[in-house]
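First the structure, in the form of structure tokens, and then the observations on it.
The values are calculated or read from the model by the stated rules, or taken from the named source; none is laboratory data. What you are looking at is a predicted structure, and each value in this text was computed from that prediction instead of being measured. Cβ placement follows ideal geometry from the backbone for every residue including glycine, while neighbour counts extend to all protein chains displayed.
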Amino acid sequence: MNNFPIADQITIPDALNRAYAHWNAGQAAEAEHLAMQVLHVIPSQPDALHLLGLMAHAYGKSALAIDYLRRACLLPDVPARYCSNMAEICRQMGLLEEAERAARRAVEREPQLTAGWNNLGIILQECGKLDDSLECLQRVSSFEPDNPEAHNNLGNTYKLLGQLNEAKASYQQALSLHPNYAEAHSNLAFLLCELGQFDEAAVAAQTAIDLNPHLADAYLNLAEIDLSRLRYGDALQRLNALMAFAPQHPGGLAALAQVMLKTERPQDALVYAQQSVRMAPDNPRAHNTLGRALQALNQHKQALESFDTAATLPGTSVEESMTARALLLLEMGDKKAAIEAFDLTQVQFPESIRVAMARTDTKTYRHDDPDISLMESALVRSVKPTLNDQMGLHFALGKAYLDLADSGRAFYHLDKGNAIKRSVVTYDANKTGQWLRSIGATFTPALMNTFRHAGAASERPVFIVGMPRSGTTLIEQILASHADIFGAGELSALRFAVDGSGNFPQNMSGWKADDFARAGRDYLSRVDSLAPNALRVVDKMPANFLYAGLIPLILSDARIIHCRRDPVDTCLSCYSKLFAGEQLFTYEQSELGTFHRDYQALMENLRQVLPADRFIEVDYESVVDDLETQARRLIAFVGLPWDEACLDFHKTRRVVRTASVSQVRQPIYTTSKGRWHCHAANLGPLLAALGIDPSGATNTSTNP
């Protein structure tokens, strides 16, 4: 039957032509009416189904759109563009496998269909099939060399392949053809960020926003640039601007979760990450972000499930998901499972530098370790890794060559890695030193005596303070092995309690007794729920040494353990680590040594005024030389009966998130004592800043 059973008896082809004409003219109701009339006569008519699918998609009815397009594409002789359109809509819905099948069918039916190859290339890109994607998109750019979108899409695949120079050239070609192409400016911004060219990246991202104020990716890229420069407040501002017009954007919600994690607000991060997953349940990056939020909240089983889910979804995040899972297992203390997870990831991604970098703490390197040659090769190949990956590779290789006692090669890489990190952070050693001196001058004997009983009363808090890498994690692990002690890890609760009261230490001058008590109650409110039944809760944030003078005034019964270690060993260990947190003073030897001296001077001031019954100092070297004596001393200091489990601290199963994650899983060893001497030739700036002679003689006036 070719005619409608209506008065004017128009033919089905005429009805379809009119329907498409109405749609193109913006007359949706008329177009839908005619298309539905056609389906009433021929229920499987592909042209009508295709039009209804496009209309449903335009009005945000994605599921209905896919249903129409699936039915339209059932016939073997359906036009290729119908399959291509179906592929693109499936891609937008996250149905990547179905999208790929439809796109391949389109180009098989019509090999010269440029739009079909373009859609297939983008789909393969999102599936992580990057070599195939590159082939498709190169074909598109050869078909249409003056098409800026073709070059932009090609640049995206080059970037994912790590071919950053080619990606940059493609974006620039797109912009030469279309200078006001907002998406290309945005993509170039992301690429420049990965190359460490943050100022240029910010300009490109802002240009994209100026051209298209509703381009979500440009806001995300600008936020990523701010995160790379540790400007968390600026990143939050960018994301809030995005949320103002796209409050349910999955990428925006995931990015907000990442900012919350960076600013140590894991509960807020969890809320945003859960929203992101709800909005995009098939998006692996949303599940990865959820996994990290759950990890930060110690919900490890659920975090593993999120990483597992992410790894099963198509896309370019599989390697990231599997590596994150392995690192979580290592953090949880299951080293065997972590190694197996790293090995499984490497089987799937045999050239993965991400795996090689991530598993450095699981091994002591040997000369024939294949990871060394893999990482070295990545640094010298013509296609350079991203700036972050270059930095990570240098730190990983520095660790490898330290294991191999090859000091020259180790410091070649450590100097390179630290220089890259130092180039992207803002740090002023002079201002920091002035601040530390102002803290020391604030906590006078008069202040301590006046307010010594003002604080909130609780014997539960135990603070472990000191320089990073000074043995704080070891001391916490010993204490946390006691049945009545909970090791809470590195908490920011004290800093938050202090920050809420104004600038520190200037604000101390105006405080009354109630202010000190209020800050103490604030701290307790943040930690009391962590382990309600524990008699002691250990907060081992090393940087709390900054607040050591304040602690007895806000928490009258709290205890403070100051960890000390040989200054050069401490600084060498800092210099050899790429910290997850913001240890901004560690990335240049002179600045590191200067900071250590300023820290020592502060602690010398504070030890004169801290209450003797609430403050002790423990030397790392004494612990490794005589574990039992020092462990018994620690348990006695916190006011609890002895527990033999403290001597088997390495067997205690608990989460450890610090850079010492592997060391505290081992029995006591002494190989780190005096380690710096064999590297003295490479530590000149550090030794000079510390006032230490390379032969080992020290300037005692700066090393109390």
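Assorted remarks:
- With respect to the conditions (1) of a type in the set (D, E, K, R); (2) at pLDDT below 90; (3) in contact with a helix residue (DSSP H, G or I) (Cβ under 7 Å, 6 or more places away or on another chain), residue 132 lacks only one, and its number is (2).
- Checked against (1) in a loop (DSSP other than H, G, I, E, B); (2) farther than 18 Å from residue 583 by Cβ, residue 470 passes all but a single condition, namely (2).
- Residue in the range 111-133 that is surrounded by 24 or more Cβ atoms within 10 Å (Cβ to Cβ) and either assigned by TED's automatic domain parsing to the domain that holds residue 381 or in contact with a Gly (Cβ under 8 Å, 6 or more places away or on another chain) (or both) present: yes
- Filter pass, residue 507 being surrounded by fewer than 17 Cβ atoms within 10 Å (Cβ to Cβ), outside any helix (DSSP H, G or I) and not charged (D, E, K, R): no
- Residue-level check: of (1) at pLDDT below 95; (2) part of a helix (DSSP H, G or I); (3) closer than 23 Å to residue 263 by Cβ, residue 489 misses just (2).
- Selected residue (criterion: farthest from residue 589 (Cα to Cα)) from residues of the range 411-458 that are buried (at least 18 other Cβ atoms within 10 Å of the Cβ) and among the aromatic types (Phe, Trp, Tyr): 451
- Among the candidates 316, 323, residue that is surrounded by 18 or more Cβ atoms within 10 Å (Cβ to Cβ), within 30 Å of residue 166 (Cβ to Cβ), among the hydroxyl-bearing types (Ser, Thr, Tyr) and touching a residue at least 24 places away in the same chain (Cβ under 8 Å): 323
- Selection count, the range 301-339, where residues are of a type in the set (Lys, Arg) and in contact with a His (Cβ under 7 Å, 6 or more places away or on another chain): 0
- Within the option set 282, 343, being surrounded by fewer than 18 Cβ atoms within 10 Å (Cβ to Cβ) and at pLDDT 90 or above holds for one residue only, 343.
Conditions tested, residue by residue: (1) touching a residue at least 60 places away in the same chain (Cβ under 8 Å); (2) out of contact with any strand residue (DSSP E or B) (no Cβ under 7 Å at 6 or more places or on another chain); (3) over 28 Å from residue 621 (Cα atoms); (4) not in a loop (DSSP other than H, G, I, E, B).
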position: 418; (1), (2), (3), (4): yes, yes, no, yes
position: 426; (1), (2), (3), (4): yes, yes, yes, no
position: 435; (1), (2), (3), (4): no, yes, yes, yes
position: 438; (1), (2), (3), (4): yes, yes, yes, yes
position: 463; (1), (2), (3), (4): yes, no, no, yes
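- Taking the range 372-386 as the range and being crowded, with 16+ Cβ neighbours inside 10 Å and either of a type in the set (Gly, Ala, Ser) or not assigned by TED's automatic domain parsing to the domain that holds residue 355 (or both) as the test, only 378 passes.
- Condition met for residue 236 (more than 28 Å from residue 493 (Cβ to Cβ) and either in a helix (DSSP H, G or I) or of a type in the set (A, V, I, L, M) (or both)): no
- All positions within the range 515-545 that are within 24 Å of residue 579 (Cα to Cα) and either surrounded by 21 or more Cβ atoms within 10 Å (Cβ to Cβ) or of a type outside the set (A, V, I, L, M) (or both): 538, 539, 540, 541, 542, 544, 545
- Selection from the range 38-90 of residues that are more than 43 Å from the chain's Cα centre (by Cα) and buried (at least 18 other Cβ atoms within 10 Å of the Cβ): 38, 45, 46, 47, 48, 49, 51, 72, 78, 79
- Restricting attention to the range 440-461, the residues that are assigned to a helix (DSSP H, G or I) and under 19 Å from residue 518 (Cβ atoms) total 4.
- Flag if residue 408 is farther than 30 Å from residue 548 by Cα and not in a strand (DSSP E or B): yes
- Residue that is nearest to residue 579 (Cα to Cα) [pool: residues in the range 257-268 that are more than 12 Å from the chain's Cα centre (by Cα) and part of a helix (DSSP H, G or I)]: 266
- Residue that is modelled with the lowest pLDDT [pool: residues in the range 492-520 that are within 21 Å of residue 439 (Cβ to Cβ) and of a type in the set (D, E, K, R)]: 499
- So residue 408, is it surrounded by fewer than 17 Cβ atoms within 10 Å (Cβ to Cβ), outside the structural domain of residue 616 (by TED's automatic domain parsing) and not aliphatic (A, V, I, L, M): yes
- The residues in the range 42-62 that are assigned to a helix (DSSP H, G or I) and either in contact with a strand residue (DSSP E or B) (Cβ under 8 Å, 6 or more places away or on another chain) or among the polar types (S, T, N, Q) (or both) can be counted, and the count is 1.
- Close pairs from the range 39-55: first farther than 15 Å from residue 23 by Cβ and at pLDDT 80 or above, partner among the hydroxyl-bearing types (Ser, Thr, Tyr) and part of a helix (DSSP H, G or I), Cβ under 8 Å, at least 6 apart: 46/82
- Qualifying residues in the range 308-347 (those that are among the hydrophobic types (A, V, I, L, M, F, W, C) and under 28 Å from residue 92 (Cα atoms)) - the one farthest from the chain's Cα centre (by Cα): 313
- Residues located in the range 134-162, provided they are surrounded by fewer than 17 Cβ atoms within 10 Å (Cβ to Cβ) and acidic (Asp, Glu): 135, 144, 146
- Single condition residue 493 does not satisfy, out of (1) surrounded by 24 or more Cβ atoms within 10 Å (Cβ to Cβ); (2) in contact with a strand residue (DSSP E or B) (Cβ under 9 Å, 6 or more places away or on another chain); (3) aliphatic (A, V, I, L, M): (1)
- Pairs, first touching a residue at least 40 places away in the same chain (Cβ under 8 Å) in the range 384-398, second among the aromatic types (Phe, Trp, Tyr) and assigned to a helix (DSSP H, G or I), C-beta under 9 Å, six or more apart: 398/411; 398/412; 398/575
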